Amino acid sequence: MRKKIIAGNWKMNKTPSETVTLINELKPLVVNEDVDVVFCVPAISLTTAIEAAKGTNINIGAENMHFEESGAYTGEIAPNMLTDIGVKYVIIGHSERREYFAETDETVNKKVLKAFEHGITPIICCGESLTQREQGVTIDFIRQQIKVAFLNVTSAQAKTAVIAYEPIWAIGTGKVATTEQAQEVCKAIRECIAEIYDTDTAEAIRIQYGGSVSADSAPELFAQADIDGGLVGGASLKPDFGKIVNYNK
Ligand code: PGA
């Protein structure tokens, strides 16, 4: 039985001091022993967030990371900078990073490999555009993203990975994919993992749905056979996130 994992993606929101306030507000609301809870916060707030979440069930994750160990990459964050302060998770290849910061399937793969090398769990994002969905190429496109993201990743590593399926047209739009659409793609992702590795790996890997997840839509989405939780943007900044984490109560 896979444990659900529900992660908040704060994106470029909340200052370090606002981070403390929000974590203090959310901490009593996000207790659910059936779920791994992760708050992915801006890099500048990671240390503060880790401090604020001490002694709670909240894990802190980063929203991005570089694939090199160190060097002349002005403005970037290296993997050992994250592990040094106790960061456990990192979002890799979010569609906003692909769109605005030129991330590609290849850089995603390099970052995924680096994250594993440093013992950080990657939350690997994939998802089609509205055009791709309308053209009927969603599954082909997602399979390509997954296959490249997992190049040279071992089966033991893949078993611990988290994949976030986020249709781009559903992000921040209030337009949630139907449970059937979300389940169909998450199932296809699991089948793709089974092809690359084996059934054991496919059964172990956790696949989230993301894109306008709300307290209302979470229970039905997370009840799907291949959906193991969610990556939540807007609603993760509100007390509603507590309801999402407690979707099964
Ligand atoms: P949203 O964002 O929940 O605001 O649609 C999800 C995401 O981008 O991870």
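Quick notes on this structure:
- In a residue-by-residue description of the stretch 176-198, the property of being among the aromatic types (Phe, Trp, Tyr) and open to solvent by less than 10 Å² (accessible area, probe 1.4 Å) applies to no position.
Residue-by-condition table, conditions (1) among the β-branched types (Val, Ile, Thr); (2) under 16 Å from the mean Cα position of the chain (by Cα); (3) modelled with pLDDT under 95; (4) within 15 Å of the ligand (Cβ to nearest atom):
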position: Leu151; (1), (2), (3), (4): no, no, no, no
position: Val162; (1), (2), (3), (4): yes, yes, no, yes
position: Tyr165; (1), (2), (3), (4): no, yes, no, yes
position: Val176; (1), (2), (3), (4): yes, no, yes, yes
position: Thr199; (1), (2), (3), (4): yes, no, no, no
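- Subset tally (residues that are open to solvent by 70 Å² or more (accessible area, probe 1.4 Å) and in contact with a helix residue (DSSP H, G or I) (Cβ under 9 Å, 6 or more places away or on another chain)) for the stretch 51-60: 1
- Residue within the stretch 235-244 that is assigned to a loop (DSSP other than H, G, I, E, B) and of a type in the set (Val, Ile, Thr) present: no
- Options Ala194, Ala188: the member that is farther than 26 Å from Arg97 by Cβ and either assigned to a loop (DSSP other than H, G, I, E, B) or of a type in the set (A, V, I, L, M, F, W, C) (or both): Ala194
- For the stretch 61-95, the set of residues classified as assigned to a helix (DSSP H, G or I) and surrounded by fewer than 20 Cβ atoms within 10 Å (Cβ to Cβ) consists of Asn80, Met81, Thr83, Asp84, listed by residue number.
- Given (1) among the β-branched types (Val, Ile, Thr); (2) closer than 23 Å to Ala62 by Cα; (3) open to solvent by less than 10 Å² (accessible area, probe 1.4 Å), number of the condition Ile171 does not satisfy: (3)
- Applying the set (1) without any contact (Cβ under 8 Å) to a residue 24 or more places away in the chain; (2) of a type in the set (Gly, Ala, Ser); (3) part of a strand (DSSP E or B) to Ala164 leaves exactly one unmet item: (1).
- Count of residues meeting criterion [crowded, with 24+ Cβ neighbours inside 10 Å and over 20 Å from Ile91 (Cα atoms)] in the stretch 219-236: 1
- Within the stretch 8-27, the set of residues being away from the ligand (no atom under 16 Å from the Cβ) and touching a residue at least 40 places away in the same chain (Cβ under 8 Å) comprises just one member, Glu25.
The values are calculated or read from the model by the stated rules, or taken from the named source; none is laboratory data. A quick note: this is a predicted structure, and the numbers were derived from the prediction, not measured. All Cβ positions, glycine included, derive from the backbone under ideal geometry; neighbour counts span all protein chains shown. These accessible areas exclude ligands, DNA and RNA; they are computed on the full protein's heavy atoms, side chains included. Shrake-Rupley method; radii C 1.70, N 1.55, O 1.52, S 1.80 Å.
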